[in-house]
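Colleague: Once you've had a glance at the structure underneath, I'll fire off some questions.
Read-outs: derived from the displayed coordinates by stated rules, not from any lab. Fair warning: this is a prediction, and the values are worked out from it, not measured in the lab. Here Cβ is always computed from backbone atoms with ideal geometry, including for glycine, and neighbour counts include all displayed protein chains.
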């Protein structure tokens, strides 16, 4: 009897996953916890350890295919149990459709086979696309033709064919709906004008991560009315402190000491005083989170990822430094687990690391606010009545104006500022 | 109108043509006195005499060769090969001779013969009473090959075959002889060679089939409609060579999903020709790969029932293939 | 006292017949010889010969009523088709594969005769296929109660094919008006009679229920005589006859065959002494039908005919390539 493996929920709010790459093929044995496949969600790429041991009877989903959480993705024949009747699936396994005398497979459905490592899923990472990928991206001749005629991007349409393929009926229905949505009045301009690709232009196809970011940013801006405010913090003391201890720190702790642990620590303590910024809008109510899980925005060249330090209030500077170092490294290596990127209640953004002095971050939906720490710049400032050169860091918060107002935001921000300004070269960190 | 089965419809066509045209005659093993081993030609010798319903010696090459000779000297013979499985000895006379007379003589000599043969798997038939041989002949310019499944078309097509100035191979599925009955018009009518028939209209998939599997496909189509709301369009080629390309393509373009089924060994069968045609000419309309169903590539159906059942695409396999295609 | 009848008179032949026969044999021979020359000159791709078998062909075919009886010749039967009515020009048009070729407009190789008007049924290359067809045509005559006869011809090699036996059997079973002429010319390409034929060809007929007779195939009057009986039987509804005409193939099988590989020149020389044309000339001289002058005259006429035919045929056009696509199926 074959047992199914289903698409797990890899992160809250994740409703679907894409099989990026099968690591095993049909007929192979698999141990419990042995990696079965790589799954992409809009947050992470992650290996899926097999929940059961046995022999892989059937891979039900092709590489590049996106399925909802809970969908059966593979069947594993478990040792010691008798074979039941073959499961009904979309491909029949009866004697010979096209009976391959020499074992050649003519079935198009059968072309969904495991790809050897190297050929990736539809992430634009290169390699030869397999049939499943092509089927999703390009579908069939008639679908492509209708898509071309109506200027439709096939990837916009939800497919009901095998593997999520867009069928002719799907695209015809889509066209009909579009026509209906336009209303009876003929519109002079097309409903969704595509960008005309000109000679020399380079077209970048969206991968699932980019699409996910796009969707989330749109969602956040659409849902939450963003407001923003900024303060300047004089962190001369912090700078001197860090200079003094950083080498020692690195030697002792084995990780670099950046400003980020200080910023996060300040934010966490301030959130305890101003819990309204650690909450979630829930239509008729606001839910204030007890746990403080701080997400750190990490820039990855072509994408943005936000690993989360859970219970960030448990850590001191050293602990935060270690956690941040670990998360950032793993983010860069794309080895984050679903737990690493879920559960965040507040987000700290550090564009200052890249030299930004002002930024207007977008809230990490559905959080209440996001803190941005900018670059530390030496500036001439007035101290008392004299001009002094001080290290100044801008701090901003974007906040959901449904949940809190400018006063609360500034009170929080000032708390963060106060704490950061409070460091002296003699401050104790360890 | 009268309800006739396939066998009776064929008999009627022969009888009516022999009545109407005194040059029409039948010849073959056991066709005269005994009326044919399947009784298709029963009564014809009584009616038309032993010279027009002629029992030949056991010699297939002679049967076809002498039919050729008769046809170039004023007769219109309908030769019977007792089982399609026994056609090979006559292959030379059919392919090298009958098919080429007209072309090689630059139109001087045409060969208006019809060669009838029962084909198809029957229980107990085994390797030499079950074969489908049509594919061997569907690559032979100068020949026409027809294989109607149902009585109504069979009668009309046989008349057309007899009247055709070219050699026509006429295959009859022996399982359908008594199984398939329907209202058949009495009296004279013809069904043109080279025209396919749409048995059932549908939007979702096209199934092209002939022989017993056509009958099965029609039953499956009904079931799919009732249980799944899938509407299959079922096309019978009727003439296997030359194929009615227009009808087959129009259907393939309409549904975008094409499945060809026959009982013959799948590799090199007539369904392959249909598939190639659709893949080439209906490509831009296709919404799924072109599919085929046939017997496995083994030398014909075995005698023992379980092995025989592994051969013919049955209702389950046909249903599975049609569902798969519809869901693609 | 009654004058002793000559051989030909006894057979009902007059001088005109004899000259016709002679001319037919000589014309076939000279045409054939010219074909070989054209082949060796590179002008004709393929030649297949009748040389040595003219008497067997003319003697038997003389009984055919053109346009009524049916002839199923094999590829050597130039003597037969020209006797029936094909012209010398026709032979060279066919040799060169020209559009005007009456056999096939250049579709077939030389020697594949066909004429609807002359009732010469289109000949094929697979050996022996003509026999079942021939008996079918004979059956048609019988079914209609007509006195038409079918003459079917082939070499001794063709009697090894299953089709020959199936046809012989059917002819015997149904007592069909068919004359089987087997021109036993001693070789089937390189295979000699002793490796080809078990027993005797002529005697096989008995096994199939009808008479078979062996005859000196190089004696045109002898062939004529046995054929006369055979045709007579057929016309009277008495059924088939097998004639085994023993003759000899003077040339190689075809222009693609080198017979030095399998037979001696001496053997051929021996048979040249028994050349059927020479033998008939001797008879004609004997009975005063032919003299030197007449012989020269006929010879010269034939040469002119052949020269003219060759010239015509060489200048004649080929069928166009698009014509190859036509006439696959007959229209109703």
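Colleague: Calculate for chain B the 222 nm mean residue ellipticity that helices alone would give, adding -39,500 (n - 2.57) per DSSP H run of length 4 or more and normalising by residue count, nearest 500 deg cm²/dmol.
Modeller: -10000 deg cm²/dmol
Colleague: Would you mind computing, in nm to one decimal, how far apart the modelled labels at residue B:122 and residue B:39 are, each placed 7 Å from Cα along Cα→Cβ?
Modeller: 1.2 nm
Colleague: Give me the inter-chain shielding for C:137-146: mean count of other chain Cβ atoms within 10 Å, whole number please.
Modeller: That works out to 6 on average.
Colleague: Within 10 Å of each Cβ in peptide B:288-297, how many partner chain Cβ atoms are there on average? Round it to a whole number, please.
Modeller: Across the residues of B:288-297, the mean count of other-chain Cβ atoms within 10 Å is 5.
Colleague: Please give the calculated 222 nm ellipticity per residue for chain C, where each DSSP H segment of at least 4 residues contributes -39500 (n - 2.57) and the sum is spread over every residue; nearest 500 deg cm²/dmol?
Modeller: My calculation for chain C gives -14000 deg cm²/dmol from helical runs alone.
Colleague: Also: Residues of C:161-173, mean number of Cβ from any other protein chain within 10 Å of their own Cβ, rounded to a whole number?
Modeller: 4
Colleague: Against the 2.2 N^0.38 Å scaling, with N counting residues, where does segment C:1-127 land? I'd like the Cα-based Rg ratio to two decimal places.
Modeller: Working it through for segment C:1-127, the quotient is 1.15.
Colleague: Would you mind putting C:46-57, A:196-207, A:402-413, A:144-155 in packing order, based on average other-beta-carbon counts within 10 Å, highest first?
Modeller: C:46-57, A:402-413, A:144-155, A:196-207
Colleague: Decide, for segment B:197-327, between rounded, prolate and oblate: order the square roots of the alpha carbon gyration tensor eigenvalues as a ≥ b ≥ c, take rounded if a/c falls under 1.5, and otherwise choose prolate if a/b is larger than b/c, else oblate.
Modeller: oblate
Colleague: So for the pair residue A:300, residue C:229, with labels modelled 7 Å out along Cα→Cβ, what separation do we get in nm?
Modeller: Distance between label points: 10.6 nm.
Colleague: Next question, about the same structure. Checking the a/c ratio against 1.5 first, then a/b against b/c, what shape does the Cα gyration tensor give for chain C?
Modeller: rounded
Colleague: Out of all DSSP beta bridges with both ends in segment B:2-184, state the antiparallel percent to the nearest 5.
Modeller: Taking every DSSP beta bridge with both residues in segment B:2-184, the antiparallel ones total about 15 percent.
Colleague: Which parts of segment B:271-295 would a label at residue A:134 reach, counting a residue when its backbone N lies under 17 Å from a point 7 Å out along Cα-to-Cβ?
Modeller: Counting backbone N atoms under 17 Å from the label point, the list is B:279-280, B:283-291.
Colleague: State whether segment C:226-318 is rounded, prolate or oblate according to the following rule on the C-alpha gyration tensor (a ≥ b ≥ c being the square roots of its eigenvalues): a/c under 1.5 gives rounded; otherwise a/b larger than b/c gives prolate, and the remaining case gives oblate.
Modeller: rounded
Colleague: Let's test the formula: R0 of 25 Å, r as the Cβ-Cβ distance of residue C:116 and residue C:46. What FRET efficiency results, to the nearest 0.05?
Modeller: Approximately 0.55, to the nearest 0.05.
Colleague: Hey, how many Å between the Cα centroid of segment A:331-371 and the Cα centroid of segment C:148-176?
Modeller: Cα centroid to Cα centroid, the span is 99 Å.
Colleague: Sorted from largest down, give the three principal axis spans of the alpha carbons of segment B:106-166, whole angstrom values.
Modeller: 45, 26, 14
Colleague: Provide the FRET efficiency to the nearest 0.05 for the residue A:378-residue A:6 pair, computing r from the beta carbons and using R0 = 51 Å.
Modeller: According to the calculation, E is roughly 0.35.
Colleague: Going 7 Å from the Cα of residue B:182 along its beta-carbon direction, which residues of segment B:124-165 have the amide nitrogen within less than 12 Å of the resulting point?
Modeller: Residues B:148-156 fall inside that zone.
Colleague: Something else about it: Any idea what angle helix B:270-281 forms with the longest principal axis of chain B, computed on alpha-carbon atoms, 0 to 90 degrees, nearest 10?
Modeller: 50 degrees
Colleague: Can you order the peptides B:134-145, C:308-319 by their average number of other Cβ atoms within 10 Å per residue, highest first?
Modeller: Put in order of decreasing packing, that is B:134-145, C:308-319.
Colleague: Considering only C-alpha atoms, what is the centroid distance from segment B:221-258 to segment C:29-43, in Å?
Modeller: 60 Å
Colleague: Moving to a separate point now. Label point 7 Å out from residue A:252 along Cα-to-Cβ: which residues of segment A:395-430 have amide N under 19 Å?
Modeller: A:423-430
Colleague: Summarise the long-distance tail of P(r) for segment B:2-184 by giving the % of C-alpha pairs beyond 23 Å.
Modeller: Here the long-distance tail beyond 23 Å is 35 percent of all Cα pairs in segment B:2-184.
Colleague: In chain B, what % of DSSP beta bridges are antiparallel (nearest 5)?
Modeller: 20 percent
Colleague: If you average over every viewing direction, what projected area does the convex hull of the Cα atoms of segment C:174-229 give, in nm²?
Modeller: Taking the Cα atoms of segment C:174-229, their convex hull projects to 4.6 nm² on average.
Colleague: Could you tell me what percent of the DSSP beta bridges with both partners in chain C are antiparallel, to the nearest 5?
Modeller: 15 percent
Colleague: I need to check one value: relative contact order of segment B:13-85, counting alpha carbon pairs closer than 8 Å and at least 6 residues apart, in percent.
Modeller: 38 percent
Colleague: Post the alpha-carbon centroid distance, segment C:108-126 to segment B:1-58, in whole angstrom.
Modeller: Cα centroid of segment C:108-126 versus Cα centroid of segment B:1-58: 33 Å apart.
Colleague: Further question on the same structure: When ranked by the protection proxy of mean other Cβ atoms within 10 Å per residue, highest first, what sequence do the peptides A:265-274, B:300-309 form?
Modeller: Descending mean neighbour count gives A:265-274, B:300-309.
Colleague: Which semi-axes, in whole Å and largest first, does the equivalent ellipsoid of the protein assembly as shown have when worked out from the alpha carbon gyration tensor as the square roots of 5 times its eigenvalues?
Modeller: 95, 32, 24
Colleague: Taking only the alpha carbons of chain B, what extent do you get along each of the three principal axes, in Å, biggest first?
Modeller: 58, 44, 40
Colleague: Specify the angular offset, from 0 to 90 degrees and rounded to the nearest 10, of the alpha carbon long axis of helix B:6-20 from the longest principal axis of the alpha carbons in chain B.
Modeller: In chain B, helix B:6-20 runs at an angle near 40 degrees to the longest axis.
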